[in-house]
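**Q** The structure follows.
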Amino acid sequence: LTDDVGSEEDLYEDFRSSNHRYGHPGGGGEQLAINELISDGSVVYAEALWDHVTMDDQELGFKAGDVIEVMDATNKEWWWGRILDSEGWFPASFVRLRVNQDEPMEDYPLKVEGGKEDDSSSGTRRFGMGQTTKDQMRTNVINEIISTERDYIKHLKDICEGYIKQCRKRADMFTEEQLKTIFGNIEDIYRCQKKFVKALEKKFNKDHPHLSEVGSCFLEYQTEFQIYSEYCNNHPNACMELSRLTKVNKYVYFFEACRLLQKMIDISLDGFLLTPVQKICKYPLQLAELLKYTNPQHRDFKDVEAALNAMKNVARLINERKRRLENIDKIAQWQSSIEDWEGEDVLVRSSELIYSGELTKISHPQAKSQQRMFFLFDHQLVCCKKDLLRRDILYYKSRINMDDMEILDVEDGKDKDFNISVKNAFKLHCRDTEEVHLFCAKKPEQKQRWLKAFENERRQVQLDQETGFSITEVQKKQAMLNASKQHHTGKPKAVTRPYYDFLMRQKHPTLPTTLPQQQVFMLAEPKRKPSNFWQNISRLTPFRK
């Protein structure tokens with residue numbers, strides 16, 4: 001970039017002084033159109049891509065899938081909206097504008113679940129809408145899918161050619177490892193999306209868009225879309241690395257020069273890098289709306305229905321992987337709290353705590369019984385002993401490789417192998433060495449929970465093999481390093497959320513600035529039942545506040 005025009009700072013100043021401003025399809029024009037609609041008295045609706053969790057009474061909280069009435073879009077970062085009788089500010093990047101704005105609100109579900117309405121008359125409109133109008137609605141959604149894919153390809157191309165290509169020329173500023181952290185696998189996503197948009201355009205009926213059959217395209221690429229998992233998991237690291245670099249002026253000038261030379265819209269690099277995360281969240285919403293306006297007799301109906309479920313599964317898988325990666329930090333912290341640890345780290349083989357609790361372990365040869373705490377991870381069962389005086393301190397004792405074990409339910413009464421009477425018992429039998437471990441729970445329901453946990457452990461291992469889930473050595477080492485640092489300090493470190501800092505930089509002038517804004521955003525994740533596992537672990541010293 002600087003071979004012919006001097007330093008990044010000189011280049012940046014040249015662009016500023018010459019007042020270069022570049023337009024872009026779908027840029028500021030969309031915001032202007034929204035405000036014109038609102039000023040004309042029209043009602044504008046948007047759908048939430050993610051949860052917006054907030055403690056600020058001037059902000060509007062919502063769940064993914066909620067429908068929001070947009071009342072003011074003057075500020076490009078923060079819009080004012082309403083849900084039922086609640087009003088407030090919300091981040092514009094957290095929503096997707098509804099395609100069919102002229103549809104009555106009463107005829108649109110507050111939550112998009114499965115893409116179909118509750119009533120059985122999904123083939124006809126409740127408000128007397130004719131077939132022609134419904135076809136027009138389907139046309140609108142099809143056009144949105146095609147146009148947003150083309151815009152998205154443009155964004156990806158700009159990132160790859162405008163930023164990555166130029167960064168690679170500057171080995172004095174960026175290492176390959178830094179570029180991998182900042183951009184992740186976005187080049188792989190770009191190649192995948194180029195093929196996907198070509199497949200969509202082949203199925204697009206230009207003369208009669210409502211007759212287009214695009215559902216099969218999503219089904220064909222559902223497996224390839226799983227590459228978004230790696231990108232989404234890395235995205236927080238990208239934001240932190242960018243935040244660190246942009247504290248140095250030369251990087252600020254360099255990134256801005258890249259943007260201007262590529263004639264990209266006025267969004268910072270971290271904003272562009274958010275688009276793939278947003279995109280994978282939009283697909284289920286787009287397909288749900290498409291299914292809503294597709295008659296059951298339409299040739300595309302079954303494929304769209306299947307595509308909606310497939311893309312929900314992709315999004316669910318990505319969320320699950322994100323959760324698993326966040327859990328490895330907790331596991332590393334747990335291990336650092338265990339006294340007298342021996343052998344390899346838990347994270348070498350495991351990434352999920354399945355279950356934990358107290359059991360009585362009975363050992364040969366004298367059938368000696370010992371009360372122990374057990375922690376069942378994928379691939380291994382870790383045994384610990386409680387301190388006699390301080391019951392919140394645990395000592396490492398042993399572990400069992402679950403890959404070699406089979407679980408045997410033991411009836412109440414005298415056990416032949418150990419020649420003792422047992423109650424609420426089960427065994428772990430090693431298929432290779434014929435070694436047998438006997439365990440007893442205090443209550444029948446506790447035994448059943450353990451037997452269920454062993455089933456879940458095997459299921460988790462099989463699922464990880466099928467989906468190819470794995471944790472990199474770098475991620476494992478970083479988790480253990482962080483846990484080690486935290487353990488030495490003797491108290492938990494303050495939690496920060498640089499991942500969302502860039503969403504908070506340009507709050508509307510009338511928004512309050514006195515309230516702390518950290519930790520108010522989180523991406524939507526599947527709801528889960530409260531787990532007993534972490535309740536047990538939370539009693540340990542490092543987890544006490």
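**Q** Lys/Arg Cβ at +1, Asp/Glu Cβ at -1, dipole of the range 135-327 taken about the Cα centre: which of Tyr163, Tyr293, Met137 is farthest positive-ward?
**A** So the residue furthest toward the plus end is Tyr163.
**Q** While we're on this one: Give me the 1.4 Å probe accessible area per residue for the range 135-327, excluding ligands and nucleic acids, in Å². The partial results should precede the final answer.
**A** Numbers: 7980 Å² over 193 residues.
Counting only protein heavy atoms, the per-residue value for the range 135-327 is 41 Å².
**Q** Taking 45 Å as R0, compute the FRET efficiency from the Cβ-Cβ separation of Ile393 and Gln462 and round it to 0.05. Walk me through the numbers on the way to the answer.
**A** On the way: r = 35 Å, r/R0 = 0.79.
With a Förster radius of 45 Å, E is 0.80.
**Q** Find which of Ser351, Gln366, His429 sits farthest along the positive direction of the dipole of the range 326-435, computed with +1 on the beta-carbon of Lys and Arg, -1 on that of Asp and Glu, about the Cα centre.
**A** Selected residue: Gln366.
**Q** Let me ask something else about it. Using protein chains only and a probe of 1.4 angstrom, how many square angstrom of Lys157 are accessible, to the nearest 10?
**A** In the full protein context, Lys157 sits at about 80 Å².
**Q** Give me the percent of the accessible area of the range 247-287 that comes from carbon and sulfur atoms, probe 1.4 Å, all protein chains in place. Provide the component values of the computation, followed by the final result.
**A** Values: 730 of 1410 Å².
Roughly 52 percent of what the probe reaches on the range 247-287 is carbon or sulfur.
**Q** R0 = 22 Å: FRET efficiency of Lys302 with Ala199, Cβ-based, nearest 0.05? Walk me through the numbers before you get to the answer.
**A** Values: r = 18 Å, r/R0 = 0.82.
So, using R0 = 22 Å, E works out to roughly 0.75.
**Q** Using a 1.4 Å probe on the protein heavy atoms only, what accessible surface does Asp72 show? Give it in Å² to the nearest 10.
**A** The value for Asp72 is about 50 Å².
**Q** Same structure again: Suppose we keep just the alpha-carbon trace of the range 135-327; what are its Rg and Dmax in angstrom?
**A** That works out to 18.5, 61 Å for Rg and Dmax.
**Q** Another one. For Glu473, put the label point 7 Å out on the Cα→Cβ axis and report which residues of the range 174-205 keep their amide N under 19 Å from it.
**A** 176-178, 180-181
**Q** Sticking with this structure for a sec: For a protection proxy built on the mean count of beta-carbon atoms within 10 angstrom, sort 206-212, 431-437 highest first, please. List each step's numbers first, then the result.
**A** Details: 206-212: 14.4, 431-437: 11.6.
Output ranking for 206-212, 431-437: 206-212, 431-437.
**Q** Another question about this same structure. What residues from the range 383-409 fall in the zone where the backbone N is under 20 Å from a label point 7 Å along the Cα-to-C-beta line of Gln448?
**A** So the set is 407-409.
**Q** Say each of Asn35 and Gln278 gets a label point 7 Å from the Cα, pointing the same way as Cα to Cβ; how far apart are those two points in nm?
**A** Going by the 7 Å Cα→Cβ label model, 1.8 nm.
**Q** Expressed as a whole percentage, what fraction of the accessible surface of the range 343-483 belongs to carbon and sulfur atoms when a 1.4 Å probe is rolled over the protein heavy atoms? Working shown, then result.
**A** Numbers: 3640 of 7600 Å².
About 48 percent, which is the carbon plus sulfur part of the accessible surface.
**Q** Could you tell me whether the range 239-354 comes out rounded, prolate or oblate from its Cα gyration tensor? Rule is a ≥ b ≥ c as square roots of the eigenvalues, rounded for a/c under 1.5, then prolate if a/b exceeds b/c, otherwise oblate. Mind showing how you got there, number by number?
**A** Values: a/c = 4.64, a/b = 1.16, b/c = 4.00.
Taking the square roots of the gyration eigenvalues as a ≥ b ≥ c, the range 239-354 is oblate.
**Q** I've got another one for you. Greater than 21 Å separation of Cα atoms is the criterion. Which listed pairs, Lys361/Lys416; Lys322/Lys385; Lys76/Lys322; Lys169/Lys263, meet it? Please report the intermediate quantities before stating the final value.
**A** On the way: Lys361/Lys416 16 Å; Lys322/Lys385 32 Å; Lys76/Lys322 29 Å; Lys169/Lys263 19 Å.
Table pairs above 21 Å Cα-Cα are Lys322/Lys385; Lys76/Lys322.
**Q** Taking only protein heavy atoms and a 1.4 Å probe, what accessible area per residue, in Å², does the range 358-467 have with all protein chains in place?
**A** 56
**Q** Suppose R0 equals 51 Å; then what is the FRET efficiency for Glu230 and Val43 from their Cβ-Cβ distance, rounded to the nearest 0.05?
**A** Using R0 = 51 Å, I get an efficiency of 0.80.
**Q** Taking 0.36 nm per intervening residue step and subtracting the Cα-Cα distance, what contour gain separates Arg168 from Leu84 on full extension?
**A** Values: separation 84, 0.36 × 84 = 30.24 nm, distance 5.02 nm.
Taking Arg168 through Leu84 to full extension adds about 25.2 nm, to one decimal.
**Q** Project the alpha carbons of the range 248-310 onto their principal axes and report the range along each, largest first, in whole Å.
**A** 59, 19, 13
The values are calculated or read from the model by the stated rules, or taken from the named source; none is laboratory data. As the structure is a computational prediction, the values presented were derived from the model and not from experiment. No Cβ is skipped: glycine too gets one built from the backbone with ideal geometry, and neighbour counts run over all protein chains shown. The protein model used for the area step is the full one, side chains on, heavy atoms only, and it has no ligands, DNA or RNA in it. Shrake-Rupley method; radii C 1.70, N 1.55, O 1.52, S 1.80 Å.
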